[in-house]
Amino acid sequence: MEQNLVSRLRRRVRGDAEEPTLRRLWREHASGADFPDEFANISFVTIPQLKLIASELRVGPGKTLVDLGCGMAGPALWVARETGARLVGVDFSAVAVGLATSRAADLGMSGQALFVTGTFAIRASRPRRRRGDE
Ligand SMILES: C[S@@+](CC[C@H](N)C(=O)[O-])C[C@H]1O[C@@H](n2cnc3c(N)ncnc32)[C@H](O)[C@@H]1O
């Protein structure tokens, strides 16, 4: 059941034959025609924007890029591949983490990318540290 859902989601996100119209509209109006299908995503990010992000973050070999709310991690995997940085993706959706993990494997990036289920919610009850605290 879960595997079925994951397969369907993978086909949908990657714009396989069953969704050619959606994929075409997305390329024309959101991601841009130059966005590689293997990194497809549901964000509105473009390749020039990802290049800017990569350059501003100054990530590269020996550095780690962390994507909080990585989803299926198309944009983050693209940045990691282009820059040589390691990637850690975090998402509270186990399905998204599974999709990101299998996408990294398909791209030959399993050794470069790790995806974990988790949340980046701030714990409001955590006591604030004061100067002099250990
Ligand atoms: C719009 S998707 C973006 C995915 C990816 N960053 C991209 O650009 O394709 C937002 C993702 O954030 C995750 N998310 C939202 N709130 C979160 C939280 N508090 N902790 C962890 N993940 C969260 C969702 O599960 C979803 O996969």
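The values are calculated or read from the model by the stated rules, or taken from the named source; none is laboratory data. These numbers come from a predicted model, not from an experiment. Cβ placement follows ideal geometry from the backbone for every residue including glycine, while neighbour counts extend to all protein chains displayed.
Among what's in the range 101-119 and is assigned to a loop (DSSP other than H, G, I, E, B) and free of Cβ contacts under 8 Å to residues at least 40 places away in the same chain, pick the residue that is nearest to the ligand (Cβ to nearest atom). Among those that are assigned to a loop (DSSP other than H, G, I, E, B) and free of Cβ contacts under 8 Å to residues at least 40 places away in the same chain, it is Thr119. Checking every residue in the range 56-68 against the condition of being surrounded by 12 or more Cβ atoms within 10 Å (Cβ to Cβ), modelled with pLDDT of 95 or more and of a type in the set (Gly, Ala, Ser) gives at least one match. Scanning the range 19-35 for residues that are exposed (fewer than 12 other Cβ atoms within 10 Å of the Cβ) and in a loop (DSSP other than H, G, I, E, B) yields Ala33, Asp34. Determine if the range 37-55 includes at least one residue that is under 21 Å from Leu114 (Cα atoms), away from the ligand (no atom under 11 Å from the Cβ), at pLDDT below 95 and not in a helix (DSSP H, G or I). Checking the range 37-55: not a single residue is under 21 Å from Leu114 (Cα atoms), away from the ligand (no atom under 11 Å from the Cβ), at pLDDT below 95 and not in a helix (DSSP H, G or I). For beta carbons closer than 9 Å, sequence separation of 6+ or different chains, a first residue in the range 78-94 that is within 11 Å of the ligand (Cβ to nearest atom) and a second that is at pLDDT 95 or above and among the aromatic types (Phe, Trp, Tyr), the qualifying pairs are Gly89/Phe115; Val90/Phe115; Asp91/Phe115. With the structure loaded, tell me whether Gly98 is outside any helix (DSSP H, G or I) and either surrounded by 15 or more Cβ atoms within 10 Å (Cβ to Cβ) or among the small types (Gly, Ala, Ser) (or both) or whether it fails that test. No, not satisfied. Scan the range 102-121 for residues that are under 16 Å from Glu82 (Cβ atoms) and exposed (fewer than 12 other Cβ atoms within 10 Å of the Cβ) and the total you get is 1.
Kindly indicate whether any position in the range 70-90 is at pLDDT below 95, out of contact with any helix residue (DSSP H, G or I) (no Cβ under 6 Å at 6 or more places or on another chain) and either farther than 25 Å from Pro20 by Cβ or among the aliphatic types (A, V, I, L, M) (or both). Taking every residue of the range 70-90 in turn, none turns out to be at pLDDT below 95, out of contact with any helix residue (DSSP H, G or I) (no Cβ under 6 Å at 6 or more places or on another chain) and either farther than 25 Å from Pro20 by Cβ or among the aliphatic types (A, V, I, L, M) (or both).
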